[in-house]
């Protein structure tokens, strides 16, 4: 791994030109094992600045029905951490620069062993890890192991996050803060842009890292309206649904992102 984490390098480059980050989320192994790496490349071709790759998990309680079902389908295809790391390694064979963040839950990593996982993830070319169910109060030991190997532990911030909890999250922030645009599960659609603007401003005010906004972003219009209040956007459920229904996942991935990229750059 390079001395400078790819996430930091990419987000700094975007900030220097005033561009907003576009970060798609896809579940590894869905819509098929074979499509995973080609879809990742297609997302880059479509304008992705960074890719969040979902690690399938049997009890994804923070995810809405679209991503839950995606995870279930991937597990039926025997997709676990080993496959996910192999996919990143294969992606790296022809893309050395696009940051990759693994997004998932703590259990599979604890089962593998945090240190072993961190070694393997760094060797495969992973840049960061977002663990939905790792409480900030318990994150220090995991962060230390990750940081020693050049991996960022990405933190989530919700509208319900108190100022008392936000302080430590900012202090330990690495890579970016994932600001969840409203309380609830992924894929829901209760967006209030004014509310997001006010709360995102509070999060960004003292953040040492960029703040990316996720949840509820479905198209160019919603991406552009929310990107105005952060340093970029994360698109998950709408993309996962489009891929689930796709006859040609690679073409679909590219075509899904292109108008969002154009909207952000307009």
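The values are calculated or read from the model by the stated rules, or taken from the named source; none is laboratory data. Values in this document were obtained by computation on a predicted structure and should not be read as measured data. Counting neighbours? That spans all protein chains shown, and the Cβs are built from the backbone with ideal geometry, glycine included.
Structure above, values below:
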item	result
Which numbered condition residue 44 misses (of (1) buried (at least 23 other Cβ atoms within 10 Å of the Cβ); (2) under 25 Å from residue 155 (Cα atoms); (3) touching a strand residue (DSSP E or B) at 6+ places or on another chain (Cβ under 8 Å))	(1)
Flag for residue 207 being touching a helix residue (DSSP H, G or I) at 6+ places or on another chain (Cβ under 8 Å), modelled with pLDDT of 85 or more and in a loop (DSSP other than H, G, I, E, B)	yes
The stretch 47-67, residues that are under 15 Å from residue 28 (Cα atoms), over 15 Å from the mean Cα position of the chain (by Cα) and not in a loop (DSSP other than H, G, I, E, B)	66
Within the stretch 221-251, tally of residues that are without any contact (Cβ under 8 Å) to a residue 12 or more places away in the chain and either in contact with a strand residue (DSSP E or B) (Cβ under 7 Å, 6 or more places away or on another chain) or in a helix (DSSP H, G or I) (or both)	0
So residue 37, is it touching a strand residue (DSSP E or B) at 6+ places or on another chain (Cβ under 7 Å), within 19 Å of residue 70 (Cα to Cα) and modelled with pLDDT of 95 or more	no
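Matching residues to (1) in contact with a strand residue (DSSP E or B) (Cβ under 7 Å, 6 or more places away or on another chain); (2) farther than 19 Å from residue 24 by Cβ; (3) surrounded by fewer than 18 Cβ atoms within 10 Å (Cβ to Cβ):
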{"site": "130", "(1), (2), (3)": "yes, no, no"}
{"site": "138", "(1), (2), (3)": "no, yes, yes"}
{"site": "165", "(1), (2), (3)": "no, yes, yes"}
{"site": "173", "(1), (2), (3)": "yes, yes, no"}
{"site": "195", "(1), (2), (3)": "no, yes, yes"}
{"site": "205", "(1), (2), (3)": "no, yes, yes"}
{"site": "214", "(1), (2), (3)": "yes, no, no"}
{"site": "219", "(1), (2), (3)": "no, no, yes"}
